[in-house]
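Here is the structure we will look at.
The values are calculated or read from the model by the stated rules, or taken from the named source; none is laboratory data. This structure is a prediction, so every number in the text was calculated from the model and none was measured. Don't worry about glycine lacking a Cβ; one is built from the backbone with ideal geometry, like all the others, and counts go over all protein chains shown.
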Amino acid sequence: MEAQSHSLEALLFASARASAHFALSCLEPFNGHLRAKSSFVKPDGAIMHWHDFGDLEGPGWAANAVGGAHLLWRWGRTLDDASIQANALMLLDHVLEDGFIDAESGFIRPYYELAQQRFCLNYVHADDWLCPGSLAKIGVQLLEFADDLEQISKSANQRSGESANDESANGEPANGESANGESANDESRLTFDV
């Protein structure tokens, strides 16, 4: 039984790793971020232009950029691989900064039509209807990703505070400054490898 369990774990890990690597290989640079080159590709990553989803990308359910970015980020966290997490954040930044979200209203445009280079509201590349449930799902995905990022930030800040407390106990000044006068809690000195 033990050998089967180990074999299943190895199979699941290999499958997850292959899936993440395939997803990463389907990303392309765009405006200093990353985006999916398509939502429907061949096994070699070639775009399937004939399919309704072929020339679409973005946060809508048929493309799922936010959910995909979050899963890639979590995979990178599991492997302690900062480069995977950085790519995931570049995909998230694409959704946040490249026009999908209206700055005034917060309305989310679900898709970008790659061939026509325009935003659209639905997976059939039109603007005559949209799915409110899909917009709600995108909102939930954004909140879940933000929660994970906030937990990492809080954890780093706590470690920074513990470090400062340790220094104070070791004879360093207790006012938050090191012996050379720099602030031990200076947020500009915190770095995150994500």
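Observations
- Here the condition is being modelled with pLDDT of 95 or more, surrounded by fewer than 17 Cβ atoms within 10 Å (Cβ to Cβ) and under 24 Å from TYR123 (Cα atoms); of SER15, SER19, it holds for SER19 alone.
- Test: ALA63 is at pLDDT below 95, out of contact with any Phe, Trp or Tyr (no Cβ under 8 Å at 6 or more places or on another chain) and not basic (Lys, Arg): no
- The range 80-104, subset of a type in the set (Gly, Ala, Ser) and in contact with a Lys or Arg (Cβ under 9 Å, 6 or more places away or on another chain), residue surrounded by the most Cβ atoms within 10 Å (Cβ to Cβ): ALA88
- Criterion violated by ALA10 - all others in (1) hydrophobic (A, V, I, L, M, F, W, C); (2) at pLDDT below 95; (3) touching a Gly at 6+ places or on another chain (Cβ under 6 Å) satisfied: (3)
- Being within 15 Å of the chain's Cα centre (by Cα) and either under 12 Å from GLY60 (Cβ atoms) or modelled with pLDDT under 95 (or both) is a description that applies to GLN151.
- Qualifying position, being free of Cβ contacts under 8 Å to residues at least 60 places away in the same chain and within 25 Å of HIS49 (Cα to Cα), among ASP128, ASP102: ASP128
- Failed item in (1) farther than 30 Å from ALA126 by Cβ; (2) surrounded by 12 or more Cβ atoms within 10 Å (Cβ to Cβ); (3) without any contact (Cβ under 8 Å) to a residue 60 or more places away in the chain, with LEU8 passing the rest: (2)
- Residue within the range 34-57 that is surrounded by 21 or more Cβ atoms within 10 Å (Cβ to Cβ), among the hydrophobic types (A, V, I, L, M, F, W, C) and in contact with a Ser or Thr (Cβ under 9 Å, 6 or more places away or on another chain) present: yes
- The range 107-120, subset within 22 Å of the chain's Cα centre (by Cα) and assigned to a loop (DSSP other than H, G, I, E, B), residue surrounded by the fewest Cβ atoms within 10 Å (Cβ to Cβ): PHE107
The rows are residues; the columns are (1) over 17 Å from LEU71 (Cβ atoms); (2) part of a helix (DSSP H, G or I); (3) among the basic types (Lys, Arg).
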| position | (1), (2), (3) |
| --- | --- |
| HIS21 | no, yes, no |
| LEU34 | no, no, no |
| SER38 | yes, no, no |
| GLY45 | yes, no, no |
| ASP52 | yes, no, no |
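- Test: SER134 is within 21 Å of the chain's Cα centre (by Cα), closer than 27 Å to ILE47 by Cβ and either at pLDDT below 95 or assigned to a loop (DSSP other than H, G, I, E, B) (or both): yes
- Some residue of the range 6-17 being of a type in the set (Ser, Thr, Tyr) and in a helix (DSSP H, G or I): yes
- Yes/no for ARG17 being closer than 17 Å to GLN117 by Cα and of a type in the set (D, E, K, R): no
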